[in-house]
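A.B. asks: Quick one: this structure, given as structure tokens, is what I'll be asking you about.
The values are calculated or read from the model by the stated rules, or taken from the named source; none is laboratory data. No experiment lies behind these values; they were computed from the predicted model shown. Cβ placement follows ideal geometry from the backbone for every residue including glycine, while neighbour counts extend to all protein chains displayed. We work out accessible area using only protein heavy atoms, side chains counted, and drop any ligands, DNA or RNA first. Shrake-Rupley method; radii C 1.70, N 1.55, O 1.52, S 1.80 Å.
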Amino acid sequence: MNTRTYTALVVPASTSEPIRIEQVEADPQALEALVGGPLESVIRGDWHVYLNAESVTMLLPVNFRAGQLMHECGLDLDGIRGTAVFLGRGEHSAEADIPDHLERLVEELFGAPLAA
């Protein structure tokens, strides 16, 4: 099977790890490996974010940067935990590359170019 890759924004919960842009495979196993467990998706306009669906029961660390980014985009969710993987939304809700405006917002909020 030929799985397509997309440019994603990966926001680790640990502030010692950089927020980064990376190519990810759009298959559940690859995304589950990034978030560390079963997937939960939150959709907002032209993007969505994958989170670990069991983050609360697994006691993953709170992801303040992902929470702040979502808040700036008008989405208030309490206690975002673990690594967050942001992807764009294409036609018919298909995966797509992360939108440029989200990438720019991250650089504005956190004051540094994104690690590649």
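A.B. asks: Tell me the strands (runs of 3 or more DSSP E) entirely within the stretch 38-105 that contain at least 3 residues that are open to solvent by 50 Å² or more (accessible area, probe 1.4 Å) and either of a type outside the set (A, V, I, L, M) or more than 19 Å from Arg20 (Cα to Cα) (or both).
C.D. replies: Because the criterion is at least 3 residues that are open to solvent by 50 Å² or more (accessible area, probe 1.4 Å) and either of a type outside the set (A, V, I, L, M) or more than 19 Å from Arg20 (Cα to Cα) (or both), the strands (runs of 3 or more DSSP E) in the stretch 38-105 that meet it are 39-44.
A.B. asks: In the stretch 1-31, which residues are part of a loop (DSSP other than H, G, I, E, B), open to solvent by 60 Å² or more (accessible area, probe 1.4 Å) and more than 22 Å from Gly79 (Cβ to Cβ)?
C.D. replies: Answer for the stretch 1-31, where residues must be part of a loop (DSSP other than H, G, I, E, B), open to solvent by 60 Å² or more (accessible area, probe 1.4 Å) and more than 22 Å from Gly79 (Cβ to Cβ): Met1, Asn2, Arg4, Pro18.
A.B. asks: Okay, next question. Does Leu34 qualify as being outside any helix (DSSP H, G or I) and surrounded by 17 or more Cβ atoms within 10 Å (Cβ to Cβ)?
C.D. replies: It is false that Leu34 is outside any helix (DSSP H, G or I) and surrounded by 17 or more Cβ atoms within 10 Å (Cβ to Cβ).
A.B. asks: Out of the residues in the stretch 106-116 that are in a loop (DSSP other than H, G, I, E, B) and either in contact with a Phe, Trp or Tyr (Cβ under 6 Å, 6 or more places away or on another chain) or hydrophobic (A, V, I, L, M, F, W, C) (or both), state the one that is least open to solvent (accessible area, probe 1.4 Å).
C.D. replies: Looking at the filtered set, the residue picked out is Leu114.
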